[in-house]
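Before any comments, here is the structure.
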Amino acid sequence: MGSIQSALMNAANSLDAFSQVMDVTENNVTNASTPGYAEQTQTLDPLSFDAAEGAMGGVRAGQVSSARSQYAEQTVRRAQTSLGQSTQDVTSLQGVQSVFDISDASGLAGDLNTLFSNFSAWAQTPTSATASQAVITSAGDVVQDFQQTYQALTNVQADTGTQLQTTVADINQLTAQLAALDSQAAHASGPDAGLDAQIHST
């Protein structure tokens, strides 16, 4: 009678274990396209077999293991951080670059070259009213360029500040989402693959 009861218990344990395997497999299929999801595997632990002692062997459900690599996750996070910083640098520096003409053909650099040329011409003919007026005119252009450049750089600074404020607001929002997800995970009855995916995706 004992052996029949042990056999029935063994069968029940095995059915429960394979039921959990099916649950994990179903979860993998359901969340296959979920951002941040990592495939999970239900491990099966063997039970001892000793007929003399009434141990009929079989299997039972063990821990659910995840294919997620913490090393890979950390590498991705570092890469995303570096990409974000580089993207912001490019955005800010493009604004600065647009203020200056690297060809020296126009803008502040071009007018400075014109001023120096006019000074050189005036030095050759110090009594020339035309040369003197050219220096005064080009000096006025340089002053105006400095003012325009200052205003343009101030605008770039303001734009960068606005972008940083937006980024900080996004970070605060994501932090609040993570806190809520962590709270759900702490009160969950067991491992929740979908919730784990949301946490890592966030």
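For Thr160, state whether it is in contact (Cβ under 8 Å) with a residue 60 or more places away in the chain, under 30 Å from Gln88 (Cβ atoms), touching a helix residue (DSSP H, G or I) at 6+ places or on another chain (Cβ under 9 Å) and not aromatic (Phe, Trp, Tyr).
yes
Please work out if Pro191 is modelled with pLDDT under 90, surrounded by 13 or more Cβ atoms within 10 Å (Cβ to Cβ) and not in a helix (DSSP H, G or I).
So Pro191 fits the description; yes.
Each row is one residue, and each column tells you yes or no for (1) among the β-branched types (Val, Ile, Thr); (2) under 24 Å from Asp196 (Cα atoms); (3) free of Cβ contacts under 8 Å to residues at least 12 places away in the same chain; (4) in contact with a helix residue (DSSP H, G or I) (Cβ under 6 Å, 6 or more places away or on another chain).
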{"position": "Val24", "(1), (2), (3), (4)": "yes, yes, no, no"}
{"position": "Gln40", "(1), (2), (3), (4)": "no, yes, no, yes"}
{"position": "Ser86", "(1), (2), (3), (4)": "no, no, yes, no"}
{"position": "Leu93", "(1), (2), (3), (4)": "no, no, yes, no"}
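Per-residue answers, yes or no, for (1) polar (S, T, N, Q); (2) at positive phi; (3) part of a helix (DSSP H, G or I):
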residue	(1), (2), (3)
Ala123	no, no, yes
Thr127	yes, no, no
Ser138	yes, no, yes
Thr149	yes, no, yes
Ala152	no, no, yes
Gln165	yes, no, yes
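Can you list residue pairs whose Cβ atoms sit under 7 Å apart, with the first residue in the range 59-84 being surrounded by 11 or more Cβ atoms within 10 Å (Cβ to Cβ) and the second being assigned to a helix (DSSP H, G or I) and among the polar types (S, T, N, Q)? Count only pairs 6 or more apart in sequence or on different chains.
Pairs found: Val59/Ser14; Arg60/Asn13; Ala61/Gln20.
Output the residues belonging to the range 85-127 that are farther than 15 Å from Asp145 by Cα, among the hydroxyl-bearing types (Ser, Thr, Tyr) and surrounded by 13 or more Cβ atoms within 10 Å (Cβ to Cβ).
Selection gives Thr91, Ser92, Ser117.
Restricting attention to the range 1-39, report how many residues are among the small types (Gly, Ala, Ser), surrounded by 17 or more Cβ atoms within 10 Å (Cβ to Cβ) and under 17 Å from Val59 (Cα atoms).
Summing the residues that are among the small types (Gly, Ala, Ser), surrounded by 17 or more Cβ atoms within 10 Å (Cβ to Cβ) and under 17 Å from Val59 (Cα atoms) in the range 1-39 gives 3.
Taking Gly140, is it modelled with pLDDT under 90, of a type outside the set (S, T, N, Q) and out of contact with any Ser or Thr (no Cβ under 6 Å at 6 or more places or on another chain)?
no
Looking only at the range 162-176, decide whether some residue is at pLDDT below 90 and either of a type outside the set (Val, Ile, Thr) or not assigned by TED's automatic domain parsing to the domain that holds Ser98 (or both).
Looking for residues that are at pLDDT below 90 and either of a type outside the set (Val, Ile, Thr) or not assigned by TED's automatic domain parsing to the domain that holds Ser98 (or both), one finds at least one in the range 162-176, hence yes.
Restricting attention to the range 77-103, which residues are within 21 Å of the chain's Cα centre (by Cα) and not hydroxyl-bearing (Ser, Thr, Tyr)?
Arg77, Arg78, Ala79, Gln80, Leu83, Gly84, Gln85, Gln88, Asp89, Val90, Leu93
Those residues that are modelled with pLDDT under 75 and either small (Gly, Ala, Ser) or assigned to a strand (DSSP E or B) (or both), I need them from the range 48-81; list them, please.
Passing the criteria: Ser48, Phe49, Asp50, Ala51, Ala52, Gly54, Ala55, Met56, Gly57, Gly58.
The values are calculated or read from the model by the stated rules, or taken from the named source; none is laboratory data. As the structure is a prediction and not an experimental result, all values here were calculated from the model. Cβ sites come from the backbone with ideal geometry, for glycine too, and all protein chains shown count toward neighbours.
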